[in-house]
Every structure is written in C-alpha cells, then in structure tokens.
C-alpha cells in the first residue's frame with residue numbers, strides 16, 4: 001500500500017524482515033536438531049503461514065481451537081493447541097482430531113477424566129508443566145501429581161502421552177541476554193528433572209517442548225529439548241527490544257497512524273490510533289509505561305526506534321505521543337507516523353481484521 | 001444464548017438493564033431541555049442503536065468516520081464525529097456529508113484551511129475545547145486562538161460554526177459524586193467563559209456540547225449546556241463503579257469465560273479469556289491494577305461484583321483470577337465464570353465481531 005493511500009491506522013508488515021526472522025529461527029532449530037513448531041498466535045494469518053512453509057515448517061502451535069481450525073482449513077496437518085484444553089469445546093476439538101494430527105495440553109486429573117469419557121478419537125497429549133512462570137501447568141516440583149497424571153493418561157487407550165511442555169514466560173520479566181539464558185537453563189533443567197523421574201517410573205518416551213521468544217532468540221544450543229515453539233519473533237516488537245531478544249532493525253511490524261493534532265505547548269502530537277488499534281498492552285521504558293514508540297522508516301523497514309518519542313496515552317481511538325522538537329517541527333496535521341507497538345501479538349490481533 | 005451453549009469467551013449484554021440506563025439518561029436530558037446525542041462508540045451496534053431510537057433518540061455521536069458510515073447505513077441521519085477530523089479521510093467524509101447532517105471537530109487553523117480547500121459540501125463544525133483533560137482541543141484559556149479559529153470558520157461559506165465541544169475526560173481520574181460534579185462545574189464554566197468571549201466578539205449562536213459518562217451520570221441540571229454526549233453509560237463497567245458513576249446493579253455487560261485451570265495452592269483460577277477478549281485496559285482496585293472482577297449472576301443480571309475475585313493477569317488468551325476459598329471450592333474445570341470488564345468500550349470492541 002502506498003503511503004498516500006493510507007487513511008486509517010494500518011498494520012505495516014516488513015515481509016523481508018519477517019522472512020529473515022523466520023529463516024534465522026528455522027536455521028537455528030535445524031542446526032540444533034530440534035523440531036521447530038512455531039506459534040502462530042502472533043500473526044494468525046494463512047498468508048504469513050506460507051512464509052513459514054517456505055522455510056520447511058510443517059508443524060505449528062496455536063492457542064485456541066478457533067486458530068487450530070483456521071489453520072487446518074488452510075492445509076496445516078500437525079497442530080498443537082498450547083492452551084489448557086477447554087472442555088466446552090470438546091466436540092469441535094474431537095472433530096478436528098479426526099482430520100489432523102492434534103496435540104492438546106492437560107494439567108489436571110479432572111481434565112484427563114473428561115477426555116477419557118467424552119473423547120474417542122486419538123489425540124496426542126502433553127502435560128503442561130509450570131517451570132516458574134506461575135500461570136498454567138502443574139508446578140515442576142509436584143512430581144507425585146505429574147506421575148499420577150502421566151499414568152492416568154497412559155490408561156486411556158485413545159490418548160497418547162507425548163511429553164512435557166512448558167512456556168517459560170517469566171523470560172519476559174528479565175532484561176539482557178545473560179538473564180534470559182539463565183531463565184532458559186533453569187526452566188530446561190526443571191523439565192529434564194521431571195523427565196528423569198518419569199523415565200525412572202518406566203515411561204518410555206517423554207519429549208520436552210519449550211518455547212518463548214526471548215529464550216529461543218538468544219539461546220543457540222537446544223540440545224536439551226525436542227521441540228521449540230516461539231511465536232512473537234516473526235515480527236518482534238518494542239517489548240522484545242527492551243528485553244534484549246532482538247535489535248531494533250529486526251522488528252518487522254509498525255502501525256501507520258494519521259496525525260490529527262499537534263500541541264507544541266505540551267510537546268505532544270495526537271494520532272488517530274488508539275487502544276482498539278495498538279491494544280493497551282504496555283512496556284516499561286525509562287521508568288514509564290508506554291504503548292509504543294514512533295519509528296523512523298525507510299519504506300516498510302525501521303531505521304530507528306525513537307525512544308524519545310513514546311506513546312504515553314491511549315484512549316479508544318486517540319493516541320498521545322510525547323515528541324522532541326525535531327519531530328514536532330517536522331510534522332503537520334494529516335501526516336502519517338509509524339508506531340512500533342509495545343506488543344505485536346496484541347496489536348496485530350486488533351488490526352488484522 | 002443458554003449457558004450450556006457457551007463455548008468460548010462471550011459478550012453477555014443485559015438488555016433490560018441497558019434499556020433502563022438509556023431511558024434514565026434520555027429522561028434526564030429531556031427534563032433538562034438539552035439535546036441528547038449519545039456516543040455510540042461503546043456498543044457500535046445497529047441493534048443497540050434501536051434501543052436508543054425507542055427512547056426517541058435521533059442524533060448521535062461517534063469517534064471515527066468508519067463508525068459514522070456504519071450508522072448512516074443503518075438509517076441515522078444526524079451524526080457528530082467527535083474526533084479531530086482526519087484529513088486523510090476527507091473524500092469519504094465529504095461523501096458522507098452529502099447524505100446526512102454531519103458534524104465534525106477542528107482544533108487548528110491548518111485543519112480549517114484544509115477543509116476550506118478540499119471540502120465543498122455543507123458541514124457543521126465544532127471547535128474542540130480542552131477544558132482540563134489535556135488530550136485534544138484548543139486550551140480554553142487560549143481565547144485569541146479560539147476567536148481566530150471561529151472567524152476563520154465563518155469565512156468559509158460551506159462550513160457552519162456550530163459551537164464549542166468538550167470532553168471532560170479528567171472526570172475519570174476522580175472518585176465520588178462530589179468530585180465528579182466539581183469537574184463538571186469547572187469544565188462547564190470554562191466553556192461558558194469562552195462562549196461569552198465569542199458572543200462579545202459578535203458571534204450570534206454558540207452552542208455548548210459536553211459529555212462524559214461520569215459527569216452525565218451524576219449531574220441532573222444541564223441548564224448550562226445545549227447538548228450532552230455520554231456513551232459508556234449504556235453498559236457501564238467496573239471502572240465506572242469505582243469512579244462512582246453507577247451502582248453495581250446498573251452494569252449491563254459481562255464476559256462469560258470457561259474455566260480451564262484451578263490452582264488451589266495459589267488461590268487462582270485460569271480462564272479462557274485474555275487480552276484479546278477483555279482488552280488490557282485496567283482500573284485500580286485497592287492499590288492494584290485489575291482487568292475486571294468476577295460477578296455473581298442471576299441470568300444476565302449482575303447480583304454482586306466480587307471485588308475479592310479480581311482478574312490480576314491477562315495474556316493473549318489466558319486470564320488469571322485471584323479467588324477466595326468459597327469461589328475456589330465451588331468451581332470445576334469446564335465451568336463458566338462471568339467477568340465484569342474494567343472498561344466496557346474496549347471489551348465490547350474486542351468481542352462484538
């Protein structure tokens with residue numbers, strides 16, 4: 001789309017950079033000998049899925065039945081729904097399992113019992129393990145509970161216990177490569193210790209699946225796991241640059257927004273681009289919560305993220321950007337500015353429709 | 001929709017309560033003798049628009065050209081786009097102005113010049129005045145600038161200068177009826193002082209338009225203005241109960257979410273319902289940022305908002321709710337819970353599609 005044709009807040013994807021991000025991660029996985037099962041919740045797009053196919057990707061991750069059905073309808077045959085299985089969608093999930101290789105997650109005995117009673121189709125099941133993030137999953141040190149769940153799964157003939165899956169989302173809380181690698185090592189060691197317990201109990205194959213973008217971006221040696229599932233890396237975002245997962249130039253997404261107001265007295269501009277476009281997800285930047293930053297562009301490519309021009313406020317449709325004088329003086333009402341969102345998964349979800 | 005049919009995060013509107021909220025506000029406006037021009041950005045629905053028509057509403061407010069076009073296509077003929085006019089949509093806005101009575105907002109000379117050059121259709125123009133919120137508009141004490149803009153507008157034959165419009169959004173930052181009324185009085189006095197200046201300068205009619213939900217909810221006497229434009233009041237939400245705009249029982253929106261995990265050790269449940277459903281807008285509750293609270297329901301009606309069961313975390317698809325033991329002990333994986341969102345405009349925007 002030509003800049004002059006943009007009338008409203010518009011998602012701008014740098015395809016060349018996104019393809020480079022995909023290739024880099026696919027190469028890393030190939031070199032490490034692990035399965036690459038990228039998470040498609042970030043882009044939720046069959047078109048972008050093709051860019052992954054072009055790198056030899058055939059197995060994917062999603063975070064809802066709806067996404068799984070969408071990608072199954074677009075020719076993907078090996079999908080893990082990396083979300084605690086929603087018992088209210090069992091009929092639809094079962095139908096999907098009759099069409100494709102479907103993997104699901106459980107973390108409670110009640111859920112396994114429901115799968116036993118209400119499901120008859122073969123399904124691969126992962127035990128979701130909490131290695132420190134504290135959201136979903138059985139806590140890694142609850143080994144008795146994990147053994148019982150694995151046994152319970154093994155007793156159901158149509159369920160195949162596949163292994164242990166974690167999302168070390170606490171990597172989002174640290175900053176810098178060294179700290180991220182420490183999260184990865186700790187999380188992976190915890191998964192491995194659980195696997196050792198299960199192997200000692202007589203379970204034959206217990207795969208390990210991990211995958212958050214910060215860890216997968218900075219770690220090169222995945223010898224300890226069988227599968228990685230990063231997602232956000234396809235576009236990255238302001239949050240990932242702050243964590244230390246990527247450089248500014250690797251960010252492949254911006255949102256083009258019309259300038260609708262200029263307030264020199266407050267060093268602020270007002271854009272058409274609010275919470276319904278950028279989402280209200282935020283990241284800390286020099287002690288302040290910001291929703292994104294203005295970027296200097298060369299076509300669709302980011303030259304510089306202007307951290308001195310943060311999005312400091314978002315209403316439903318308005319955005320407020322605090323800008324230094326060089327930007328203030330160069331802009332007019334009706335111009336376009338390009339915003340690097342705090343969190344690309346959320347902004348893309350807002351704007352893709 | 002029957003509870004058993006709900007599979008995924010689902011917007012639940014209490015029609016009876018929403019209609020009561022509409023009737024109450026319409027009656028207040030009628031009794032005060034002011035035009036009721038409700039903001040439709042909250043519901044963005046032609047169906048809900050009909051509930052307003054049933055109360056005699058014929059003039060409405062929206063916050064984008066897209067919304068204006070949608071409601072024009074559904075038979076609304078008198079619409080104000082209460083957003084600084086986006087010069088990149090002028091062709092579409094002009095086309096719309098040829099079909100309906102369209103009002104737009106300006107707050108800069110550059111914008112008026114653009115309208116003069118690029119627009120030929122008659123259009124009503126409001127000067128957007130900042131009475132203290134600090135987002136869009138000319139600051140109320142910049143009287144010279146306001147006079148010049150009004151004169152500039154009067155010189156353009158196809159533009160009709162209609163009056164002064166404000167959004168006293170800083171009412172969202174206070175708590176309690178008295179503080180809200182103080183914001184209303186101050187904001188309205190500022191608008192009136194600007195009107196007095198313009199009348200003294202020879203302008204003949206200068207209407208005043210105001211309208212934020214907190215002020216319009218607690219003020220009864222609108223004798224000082226010509227028009228009110230509240231929007232959020234149709235559903236209200238957790239934020240409005242905290243501000244003091246409404247009672248818990250007046251909230252007409254919840255989001256039904258399946259329970260997918262129960263973690264008694266952490267007193268937490270995990271729901272299928274994340275930032276893409278509830279939005280990541282938050283409100284402060286007892287010193288913490290929360291994204292909503294669990295509600296006890298009677299059908300679609302809220303009995304009690306459980307402020308001791310707040311949504312403390314949201315990922316893309318997951319929500320984390322901290323729950324007391326009575327709720328923890330009563331729930332099973334696969335149950336539904338009902339969440340009052342922090343901000344209904346944002347949650348409805350996520351879920352209406």
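A short reminder: the numbers here are calculations on the coordinates, not readings from a lab. Worth saying up front: this structure is predicted, and the values here are computed from it rather than measured. Don't worry about glycine lacking a Cβ; one is built from the backbone with ideal geometry, like all the others, and counts go over all protein chains shown.
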Checklist outcome for this item: Dividing the alpha-carbon radius of gyration of segment A:33-234 by 2.2 N^0.38 Å, where N counts its residues, gives 0.98
Next on the checklist: For a Förster distance of 22 Å, can you work out the FRET efficiency between the beta-carbons of residue A:101 and residue A:185, rounded to the nearest 0.05?
Outcome noted: 0.10
Item to check | Helical contribution to [θ] at 222 nm, DSSP H n ≥ 4, -39,500 (n - 2.57), averaged over chain B, rounded to 500 | outcome: -10000 deg cm²/dmol
Checklist entry - In peptide B:268-275, how many Cβ atoms from other protein chains are near each Cβ within 10 Å, on average? => result 4
Checklist entry - Which angle from 0 to 90°, rounded to the nearest 10, does the C-alpha axis of helix B:15-32 make with the longest principal axis of chain B? => result 30 degrees
Checklist outcome for this item: Of all DSSP beta bridges with both partners in segment B:33-234, the antiparallel percent, nearest 5, is 0 percent
Next on the checklist: For residue B:330, place a label point 7 Å from Cα along the Cα-to-Cβ direction in every copy; what are the distances to the other copies, in nm, shortest first?
Outcome noted: 5.8
Item to check | Spin-label pair residue B:330/residue A:200, simplified geometry with 7 Å Cα→Cβ offset, distance in nm | outcome: 4.3 nm
Checklist entry - For the residues A:346, A:297, what sequence is obtained by ranking on other C-beta atoms within 10 Å, fewest first? => result A:297, A:346
Checklist entry - In nm, what does the list of distances from residue B:75 to its counterparts in the other copies look like, shortest first, when each label sits 7 Å along Cα to Cβ? => result 4.6
Checklist entry - Using a label position 7 Å from Cα in the Cα→Cβ direction, what is the ascending list of nm distances from residue B:100 to the same site in the other copies? => result 4.0
Item to check | Residue of chain A whose Cβ sits closest to the axis mapping A onto B, with distance in whole Å | outcome: A:280, 2
Checklist entry - For the Cα atoms of chain B, what angle does the longest principal axis make with the long axis of helix B:143-154, in degrees from 0 to 90, nearest 10? => result 70 degrees
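Compute the semi-axes of the equivalent ellipsoid of the protein assembly as shown, taking the square root of 5 times each eigenvalue of the Cα gyration tensor, and list them largest first in whole Å.
Numbers: eigenvalues 463, 169, 87 Å².
Rounded to whole Å, the semi-axes are 48, 29, 21.
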Item to check | Shielding of A:251-262 by partner chains, average beta-carbon count, 10 Å | outcome: 3
Checklist entry - Taking the C-alpha atoms of chain A, how large are the radius of gyration and the largest Cα-Cα span, Dmax, in Å? => result 21.8, 71
Item to check | Between 0 and 90°, nearest 10: helix A:109-118 axis offset from chain A longest Cα axis | outcome: 80 degrees
Checklist entry - Given a Förster distance of 35 angstrom, what is the FRET efficiency for residue A:151 paired with residue A:32, based on the Cβ-Cβ distance and rounded to 0.05? => result 0.65
Item to check | Shielding of A:333-340 by partner chains, average beta-carbon count, 10 Å | outcome: 3
Checklist entry - Can you give me the relative contact order of segment B:227-353 as a percent, contacts being Cα pairs under 8 Å and 6 or more apart? => result 33 percent
Next on the checklist: How large are Rg and Dmax for segment A:6-87 when calculated on the C-alpha trace, in angstrom?
Outcome noted: 13.9, 46
